[in-house]
1. At q = 0.14, 0.17, 0.18, 0.20 Å⁻¹, what is the log10 ratio I(q)/I(0) for chain A, with the Debye formula run over Cα points and no solvent?
2. If you place +1 on the Cβ of every Lys and Arg, -1 on the Cβ of every Asp and Glu, and leave all else neutral, what size is the dipole of region C:232-353 about its Cα centre, to the nearest 20 Debye?
3. Carbon and sulfur together cover what percent of the accessible area of region B:3-111 at a 1.4 Å probe radius?
4. With angles folded into 0 to 90 degrees, how steeply does helix B:89-103 sit against the dominant principal axis of chain B? Use alpha carbons for both and round to 10.
5. Rounded to the nearest 100 Å², what's the accessible area chains A and B bury against each other, both chains counted, probe 1.4 Å?
6. Are any of the pairs A:K92/C:K191; B:K75/C:K191; A:K58/B:K75; A:K52/B:K75 more than 28 Å apart by Cα-Cα distance, and if so, which?
7. Lys/Arg Cβ at +1, Asp/Glu Cβ at -1, dipole of the protein assembly as shown taken about the Cα centre: which of A:A42, C:A101, C:H389 is farthest positive-ward?
8. Between B:G104, B:A92, B:S53, whose Cα lies farthest towards the positive end of the dipole of region B:3-111 when Lys and Arg beta carbons carry +1 and Asp and Glu beta carbons carry -1, centred on the Cα centre?
Amino acid sequence: MQQVRDRIGRPDQKETAMTQYLLSVHNDGTSPYATEEDMHAAFADTGTFNEKLQASGKWVFAGGLEFPDTAKVVRRRDGALERTDGPYLESKEHIGGFWIIEAADMDEALAWAEEGAVACRGDVEVRPFQGIPQD
Amino acid sequence: MPNYLLSVCYPAGASQPPPDELAAIMTRVGALSADMQAAGVWVFGGGLHAPSSATVVEDRDGEVVMTDGPFIESKEQIGGITIIDVADLDAALAWGARKAAAIGVPIEVRPFVG
Amino acid sequence: MPAVPDDPAVLDRDSRSGDALEGPDPTLEVTSGAATAVTVEAVFRADYGRAIATLTRLLGDLGLAEEAVQDAFAVALETWPRDGVPPSPTGWVVTTARHRAIDRFRRESTREQRQAQAALLHAPDEPEEDYAVRDDRLRLVFTCCHPAIAPAAQVALTLRLVAGLTTPEIARAFLVPEPTMAQRLVRAKNKIRDAHIPYRVPDEHELPDRLRPVLAVIYLVHNEAYVATSGDSLDRVDLAAEAVRLGRLLVELMPDEPEARGLLALMLLAESRRPARVAADGSLVRLADQDRSLWDASLLAEGQALVRECLRRNTPGPYQIQAAIAAVHSDATTAADTDWRQVIALYDQLLAAAPSQVVRLNRAIAVAELDGPTAGLLEIDAPDGPATHLDAYHLLHATRAALLARQGRTAEAAASYDRAIALTDNIAEQRFLTSRRDALL
């Protein structure tokens, strides 16, 4: 993690041509695994994919999320802050985890997403981050 | 220490605030990020492009299928995320509360596994 | 892939008349000299894609390129009537657009834009080498047809940016309200910009996957010309002609791609029948009933020559096989002379290359021509066959109706016609099917 902070913390080192993409793994509430063996294989494949991503230098962050019912929402209401149980989006589908990568363009991001989708047996949404203003 | 995801949640029908208000929000968010970095809890932060810029990639029995648009078609949307590395949920909620105050929209706080 | 229903029992696709360029771009104001305004429009339409493609490479941004090219055309409408048309209108457009972009940058220069400006200033003013222009246009085609963009938006982008149609023209062509089409285009262009969809020709190994949507877009445009015939057709751009133009462009850009040739051949052969497709009273004429002497001989010859070329190359694909089927029909001087064995053999090839129930349905029609209606119906009603999968497709029921009628099962045939009529929104087809049903009784 320290490595990430260092890199992002130094704007002069940032490769301006790169775009960051959020690759989020979606789940409709059902198990994506055919069998228990398949689940273990998926974990192993995802581990291999993570290693490859890290070795490529395009890795920024990766993490699996706890179930959506563990989420809390903090909002301001009538000037006071209020905490409620989450998740915020009342949807059957939810994000199970995600990768954040750096890629030269959409084609590179999509290629990583394809590989990630195959590895983790999930649908992967690719969404670009806004660039950091240059001036 | 565990990681937490702080998601910026835009309610249905939310529109971009006027430029001067937006600039004030950006200043507050920038200051909060600086505080997070100074406290050593900041891992990642980024604003996302609109959900319509999203593409879903799906593996259908070995054939990869691409679909234009976000996975979840919802009026509410996630506008950006921050990842922090803090001791516990209370600490995460405290940062989440500061973020909610800085932007003026709800913040969802959700733990990462492990 | 939707196959072309191209057999006698099925309606031949109808046509719309008029090849002329229609309507000026409403964003441009014609000041004087009708002939010159027409010239400007013609250059606009013919070279829009070329100019956008080159400017996108120079500027690194599709949106900026579009603004610059539109600026240049506004200038053309102002100056050409006064000073005359420049000797190389295309070169003039690209050069002027570039200079207009530089002006824009000077006015609103951020760091990013200043970099782009530097690139512009260093670019040569001479006409680009042919191969460079070719690559630019190909990049533009692949960007518009990127698989991360929804198919409907791919079609709209291609017609707007590559073919140079205006947004209102595209909206009318697809019977979509103009604001809807404008929004579809804006959303797609924003996605190209925000997601950084690259402006490049795919590598060799990616080509099969990336070429598929490009061919599909052109085929969709061509199909739309046949499907959406209701409404005021005089007011609509000739989509069939636009599809053929795009098909020719793709063959020009990718001369070694056999499927591009196959697609062009398929469209040319369909177009060659256009004069025979509509009767004097405006009703549709089935392929079997068409006056073949009305077929356009030059389009037919061009299409057949392309099919022969494809056969020589011997790297068949779905579009080439469909073109070959169309060519077999074109070879027959009368419907009765059609080589149905050959047609069936080609459908078998097509099923192997691109299995689909629509293709099975078309094959069944050919079988009915060779072996009679009972054999055809057996294929249609086979387990897991077209009847099972295409129950919501009006041509399934129209085909069953025609075959049942030939067997003398009049009541069942009428019921099938009713079902077909209920399943199509196309008024011309409804009218045709109604007349067939009424003829039974």
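1. -0.78, -1.02, -1.09, -1.20
2. Details: 13 positive and 19 negative charges, 51 e Å.
Computed about the Cα centre, the dipole is about 240 debye.
3. On the way: 2460 of 4670 Å².
Accessible surface attributable to carbon and sulfur in region B:3-111 totals 53 percent.
4. Helix B:89-103 sits at roughly 90 degrees to that axis.
5. On the way: alone 9730 and 7610 Å², together 12890 Å².
Using a 1.4 Å probe, the pair buries roughly 4500 Å².
6. Values: A:K92/C:K191 26 Å; B:K75/C:K191 19 Å; A:K58/B:K75 32 Å; A:K52/B:K75 36 Å.
Among A:K92/C:K191; B:K75/C:K191; A:K58/B:K75; A:K52/B:K75, the Cα-Cα distance tops 28 Å for A:K58/B:K75; A:K52/B:K75.
7. C:A101
8. Going by the Cα projections, it comes out as B:G104.
The values are calculated or read from the model by the stated rules, or taken from the named source; none is laboratory data. Every value quoted in this text rests on a predicted model; they were computed, and no experiment measured them. For neighbour counting, all protein chains shown are included, and Cβ atoms are generated from backbone atoms with ideal geometry for every residue, glycine included. Surface accessibility is based on the protein's heavy atoms, side chains included, excluding ligands, DNA and RNA. Shrake-Rupley method; radii C 1.70, N 1.55, O 1.52, S 1.80 Å.
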